[in-house]
Structure formats: C-alpha cells, structure tokens
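Encoded as structure tokens, the structure appears first; notes follow it.
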Amino acid sequence: MTTLHDDRTEALVQEFRQRFGAAPHYVSRGPGRVNLIGEHTDYNDGFVLPVALKRDVRFVLRPRADRQVRLYSMEFGESGAFDLDALRFVPDQLWLNYIQGMAQSLEQEGIRLTGIDAVLGGNVPRASGLSSSAALEIAAAHAFLAAAGQNDVLSGPRIAQLAQRAENHFVGVNCGIMDQFISQLGRENHALLIDCRSLEYTLVPMPEDAALVIGNTRASRSLASSAYNERRSECEQGVALLQPALPGIRALRDVTSAQLEANRALLPDNVYRRCRHVVSENERVLRTVDALQAGNLAEVGRLMDASHVSLRDDYLVSSTALDAMVDAMHRADGCLGARLTGAGFGGCAVALVKPGREQAVADAIFEHYPKATSIWPEVYMTKAADGAAVEALHLV
Ligand code: GLA
C-alpha cells in the first residue's frame, strides 16, 4: 500500500500520463518546515528545533535510459529540460536550478544518475519562510535516487548536506543546514533538535495539548538575501574579535552569555547585539526542549516570545508586517507564544496555541493584521509531519 498515493499525487499522475504517454514509476516527497525556535543559529554551529509540515513538493517520475531530464512543473505551469552532462544555471527558470543543483551534488558524491521524465507540484507557499526551496531539493534528491536505484546508499543527514551544497554552490544562496535537514528527517508529532555542528539529532515529542498556527504576512522579502549575508559576516566578525580573549572558540556556539558579557568591550555595538541574539537563542532552544519534555507549554510560549524580541531588537530581522502578525496572534486567548520563523524580513510567524484555540488565533489574525498593514494574510493550521519519502507506484 502506498501512503503517498492520495488525491494530490493522483493529479500529478494524470498530468504525467498526458505529457509522457505512460504511467510514472515513483512518487517522492520533500516537506516544507516551520521552525519552532533557534533562528539564525544554524550557520553559527548552534541548535535549532524545527518541525516538518504536511505541505510538500512532490515528483512523480519514470527513469529514462539516457541522461536527459524532462520536467513539467504544475506550480509554474511550465516545462523545463536539461542534460545531466551539461548542467548550467538558467536565470529565467529559477526552479530548474534547484533540481540541476541537486543532480550535480549527487553526482559529485559519486552517484551515477540516470535521466528522468517527471511532473512536479507542491503546496508549500513560496518565498514565505517555510522552506519551499529545501522541499524542492529534497523531493528532487529522492526522485533521482529512486530512478538510479540508489535509495539506500546515503544517510539522511548526508542527503541534507548534499541538498544544502546544491543551494550554496549551484543556486548561489548561502543558507545553513536546518531547512534541508528537517525536510529530510522530520517525524510526525515530533520536533527535531538538531545540533548543526555535529549533525546529531534528537526527536522531541510535541505534547498533545500543543497546536501550531502559522500566519503568512504575504509581505515581500526583498532585502532578505543581502541582509542574511550581512548577518552571517557580523557573526564571523564577532568570533574573530572574541577569539583572542576566548581562544577555544570556533563559532558563536562555543560562547556562553556570561563570556559574551565579560568581553563586550571587544565588540562594536552592532556585532555585540548580533552575538547576543545568537548566544541567547542557542540557550533558549535547549530550554525549550526541556520545557517540551516537561510538558510546560507556558514556558515554551515565553521562550518563543523572547526569541521574537531578540530577533527584532538585536538581530534586526523582523519587519513591520512580522511584528503586526505576532501582535495579532497574541490578541487571541489561547495563544501561548509567537515569533517570526525562518530568515525573517517578511514571510511567516508561528504561534503555539492551546488545542481548540486555533480558529480563535486565525480570527484574531484576520481581524487585526490587515488593519495594521493593509495586507490580507494567509493562515495555516499545522501539526508536525513526517520528513521525506519515496514510494513505488505500481501503476499500469
Ligand atoms: C533560512 C536559512 C536557514 C536558517 C534560517 C534562519 O531559512 O535557509 O539555513 O539560517 O534562514 O534561522
């Protein structure tokens, strides 16, 4: 029995039959994610605590005997094609680059790929801080691996690293490891504590009396990539300036709040504030895990609130729209905590909510957020879902 063969897959299968005149052999899935806490810590070798979403990107595919890749994207209503022996960045079809990058990354790992015919589609909102890019990379990875008969050769963390490499080197976005890792390794009803240095990970059960509501600001994230790179370099500057006083440190992960305060004079104010966010956020992630394990959801909510304040005031990655979204979420009775999620500058916020209060939070968002911003938001209610999967379809 296939668990991925639902109505959404069936729509992809119908499209595949029409375009390629046969049935696809496999379906693969890479989910989006929402990060509960641990923002801008992954590229500082720190801790993150994301969950995978039910929303995902899927490929239905059939292997080819040659090295041609022929694709149709339902989301873009567009065909794309490339030759595995002639990969090149295409500026006018950005979605194609994530798939080419993944193919390159897998071949660099020594896996000989075969061409595929595929139809892909997804329901992860794009450019919204829910990792539609990682979802696409991870779904593509499993499509190629299944076609090549190489499903079992790579570990989950390795697949995540190869997807990150595709994004860093082929697509040219300098992201950390969090998004690809959770898309690959998420588990239903669990958050995943990831140590972004060792890549060790621990499943943390989500208490049954906790629900998540995501509010999409639908505000543009135009400054996101330049500001993201700026934050990364401020963190590196912080480490370089602290190293003479703290010779053992390799990343902000190695610095405690007490050490940072004791050496504050070594840092310009902007760098100090960026470091204070990262150092305190790492501490908050670990305290959140303890609070979840103790079933203390009020404390988890407080930590999420503190994370948002730190991202807003010290890391400067919030925006008027995100602050308005978090404020709207808090107006509902039953909202335990709320914060921006993902890189920031726009995109989504996430609230931890008492069960049964999801609709009240959604109502508060629809009532208050448009008044503050003149933007009509979207709201998604979600539970932690499973990570990547691939299945044979057995169709004729
Ligand atoms: C983006 C990046 C991640 C991470 C977050 C911020 O989602 O892709 O690697 O750095 O921003 O926490």
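The values are calculated or read from the model by the stated rules, or taken from the named source; none is laboratory data. Note that the structure is predicted; figures quoted are calculated from it, not measured. Ideal geometry is used to build each Cβ from the backbone, glycine not excepted, and the neighbour counts take in all protein chains shown. SASA here: full protein model, heavy atoms, side chains in, ligands and nucleic acids out. Shrake-Rupley method; radii C 1.70, N 1.55, O 1.52, S 1.80 Å.
Here are a few things to note about the model shown:
- T217 vs. criteria open to solvent by less than 10 Å² (accessible area, probe 1.4 Å) and polar (S, T, N, Q): yes
- Check on G80, surrounded by fewer than 17 Cβ atoms within 10 Å (Cβ to Cβ) and more than 16 Å from the ligand (Cβ to nearest atom): no
- Looking across the range 179-210, the residues that are without any contact (Cβ under 8 Å) to a residue 60 or more places away in the chain and among the aliphatic types (A, V, I, L, M) come down to L199, L203.
- Some residue of the range 10-18 being of a type in the set (S, T, N, Q) and within 16 Å of the ligand (Cβ to nearest atom): no
- Residue within the range 129-138 that is at pLDDT below 95 and open to solvent by 30 Å² or more (accessible area, probe 1.4 Å) present: no
- Some residue of the range 181-193 being under 20 Å from L322 (Cβ atoms), open to solvent by less than 10 Å² (accessible area, probe 1.4 Å) and more than 14 Å from the ligand (Cβ to nearest atom): no
- Answer from A118, A146, A134, A166 - the residue that is more than 14 Å from the ligand (Cβ to nearest atom), assigned by TED's automatic domain parsing to the domain that holds L106 and assigned to a helix (DSSP H, G or I): A146
- Identity of the residue in the range 16-62, open to solvent by 30 Å² or more (accessible area, probe 1.4 Å) and either modelled with pLDDT under 95 or among the basic types (K, R) (or both), that ends up farthest from V204 (Cα to Cα): R19
- Subset of the range 95-115 [part of a helix (DSSP H, G or I) and hydrophobic (A, V, I, L, M, F, W, C)]: W95, L96, I99, M102, A103, L106
- Which numbered condition A22 misses (of (1) out of contact with any helix residue (DSSP H, G or I) (no Cβ under 6 Å at 6 or more places or on another chain); (2) within 16 Å of the ligand (Cβ to nearest atom)): (2)
- Checking F345 against (1) open to solvent by 40 Å² or more (accessible area, probe 1.4 Å); (2) within 27 Å of H277 (Cβ to Cβ), the condition it does not meet: (1)
- Test: H40 is part of a loop (DSSP other than H, G, I, E, B), within 16 Å of the ligand (Cβ to nearest atom) and not acidic (D, E): yes
- Strands (runs of 3 or more DSSP E) within the range 288-396 that include 2 or more residues of a type outside the set (A, V, I, L, M, F, W, C): 335-341, 378-382
- Residue in the range 231-247 that is in a loop (DSSP other than H, G, I, E, B) and within 13 Å of the ligand (Cβ to nearest atom) present: no
- Filter pass, S155 being among the polar types (S, T, N, Q), open to solvent by 10 Å² or more (accessible area, probe 1.4 Å) and either touching a residue at least 12 places away in the same chain (Cβ under 8 Å) or within 16 Å of the ligand (Cβ to nearest atom) (or both): no
- Among residues of the range 269-321, those that are open to solvent by less than 30 Å² (accessible area, probe 1.4 Å), of a type in the set (D, E) and either within 30 Å of E208 (Cβ to Cβ) or in contact with a Ser or Thr (Cβ under 7 Å, 6 or more places away or on another chain) (or both), counted: 1
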